Amino acid sequence: MSVNSLTVITNVEFGKMINAASAALAANADKINKLNVFPVPDGDTGTNMSLSMASGAQYERDALDTNIGALAKATSKGLLMGARGNSGVILSQIFRGFANSMADKETLSARDLADALMAGAQIAYKSVMKPTEGTILTVIREAASKANKVANQTDDVVELMAAVEDAAQKALNSTPDLLPVLKEVGVVDSGGQGLVFVLQAFYQVLSGDFNEDDMKAPDNAELDQMVKELHAGAQANTNLDPADIKYGYCTEVMVQIGKGTTYDHEFDYDEFYKHLAQLGDSLLVINDDEIVKVHVHTENPGEVISWGTHFGSLVKVKVDNMRDQQQAVIDAQREDEAQAAKISEMTMPVPETAVIAIAAGDGVAKLFKSLGVHTVISGGQTMNPSTADIVDAIKASGANQAVVLPNNSNIFMAAEQAIDLADVPVQVVKTRTVQQGLTAMMGYNPDAEASENANAMSDMIDDVKSAQVTQAVRDTTLNGVEIHNGDWMGIIDGDIQVVADSVEDAAEQSVEKMLDDDSEIVTIIFGADTKEKAANKLAKSVSAIDEDLEVEIHDGGQPLYPFLISVE
């Protein structure tokens, strides 16, 4: 029998809400996956959100303290550690806002719930460098805005959540009007759809319509199977002139907010960040109620430090001259490289900076390791690893610092969260493809610091073009190109630029589009279901286009993508 009204949410209802949301995402993961804009066989937003929420729900169930503030904090921590893909990370940030708003609360009123939704929206928007409307951000903002209005009119949490669910659904329906690519393809935003399922589950629990038998949260075996199914789907840079480094000082500052004799400004994140953004690049600002941490590359480390003193007492200051570090790399002579290459991984010394790469396929993993990557996390196009997966790999490396190569834009946010959670300095080089990741390794120096490596490795990817060849899984029209289920596509640097009847034609046409007068090397990485004979045939076709091109062939063993091709 449904409950018509409820004015207080206790820890019992809150726990049910979290676990119902986890169950709803698990039950609808496939539906969310199919909303992927690209008609590729690896749409995984639903799976990412489901696994992220499952981690949050597990932490909630394991929490020893049962007041709502503690349960919300546990949920937030679980989502943070389990966050996969950009959608999972944004979901974790929404619940981070929830937890901040619910701290120390024993129960929740309608106003408390509205405030939590507002805080979730604010934190989610701040977590994205360039927020895009027509996404999950739009859905949480509109839902929170509605909650804020309704909380001024009623103390009934059921009435409030009914209004929130309705507002979220309307916002979701509007996403194609805000993001043209969604309208062109004829879908709503996948991340927004996932959030709607979460909010619907909240309403079902509070209204009494939640059926615990039908909405049972996935157990560990089911989650393990989900992950299993997803899986089915070196040298130093001596070319970078230190004089070419625009911002020469890697500056790190930690400030105890509101403390000390120099404190004369109330801390405001936006004001604090905006000023620092004018002083350099590679800016990272992380804070809680007591501490703010800053990382920035600048020409004026003194001004960064001075700015920090206005907001509190300096706890830590670290300034590295990156030009001197780069010169040291150039001057250093690496001895016995041929012999070192033969040393097994078990006896190889731990580098100062370890590289953690995400990639699918045994052959691709071997390529990365041959270039000096310490750990390859299985995943990428067919599975996005969690933040915890990345943090664990960094810790297991034993290195003093680390560089992460996501090799997929949907892993960027999870990788960046690892920066805050790892015990050692971490840099993320935003490689969007496996090919970019392999090229980035040409700038790796295991003896250099992470920041220096990140700069050198980032420079390396500017001149590489990447193509992924795969098969469409549904009919659609994208960027004016008509695509049919079964067509072969060439995705070049993130855009579908080739549609063909055969995988061979798609691969050859992709190469032709990437070639220009400066092209010298074409690398072909063939996948698990592709024969080397097909790769050799493609190589001959490439040579026929330009006999001066150097063509390399590698067995990558990657799923779903018969060919990964790069042109440099």
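The values are calculated or read from the model by the stated rules, or taken from the named source; none is laboratory data. Predicted model, so just to flag it, every value in this text is computed and none were measured. Using ideal geometry, Cβ is built from the backbone for each residue, glycine included, and neighbour counts are taken over all protein chains shown.
Observations
- Residue match in the stretch 368-388 (condition: of a type outside the set (Phe, Trp, Tyr), closer than 26 Å to Gly78 by Cβ, in a helix (DSSP H, G or I) and touching a helix residue (DSSP H, G or I) at 6+ places or on another chain (Cβ under 9 Å)): yes
Here's the yes/no breakdown for (1) surrounded by 17 or more Cβ atoms within 10 Å (Cβ to Cβ); (2) assigned to a loop (DSSP other than H, G, I, E, B); (3) at positive phi; (4) among the hydroxyl-bearing types (Ser, Thr, Tyr):
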residue: Val158; (1), (2), (3), (4): yes, no, no, no
residue: Ala168; (1), (2), (3), (4): yes, no, no, no
residue: Thr175; (1), (2), (3), (4): yes, no, no, yes
residue: Lys183; (1), (2), (3), (4): no, no, no, no
residue: Val196; (1), (2), (3), (4): yes, no, no, no
residue: Leu199; (1), (2), (3), (4): yes, no, no, no
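- Any hit, the stretch 561-568, residues being under 27 Å from the mean Cα position of the chain (by Cα) and among the charged types (D, E, K, R): yes
- Of all residues in the stretch 120-133, those satisfying the criterion of being at pLDDT 90 or above and either surrounded by fewer than 20 Cβ atoms within 10 Å (Cβ to Cβ) or among the acidic types (Asp, Glu) (or both) are Gln122, Tyr125, Glu133.
- Restricting attention to the stretch 494-504, the residues that are charged (D, E, K, R) and part of a strand (DSSP E or B) add up to 1.
- Residues satisfying the stated conditions in the stretch 542-559, i.e. in a helix (DSSP H, G or I) and surrounded by 17 or more Cβ atoms within 10 Å (Cβ to Cβ): Val542
- Residues satisfying the stated conditions in the stretch 79-108, i.e. touching a Gly at 6+ places or on another chain (Cβ under 7 Å), more than 18 Å from Phe197 (Cα to Cα) and surrounded by 22 or more Cβ atoms within 10 Å (Cβ to Cβ): Gly82, Gly97, Met102
- Residue match in the stretch 483-493 (condition: within 23 Å of the chain's Cα centre (by Cα), modelled with pLDDT under 95, part of a strand (DSSP E or B) and not charged (D, E, K, R)): yes
- Which numbered condition Asp462 fails, given (1) within 25 Å of Ile525 (Cα to Cα); (2) crowded, with 20+ Cβ neighbours inside 10 Å: (2)
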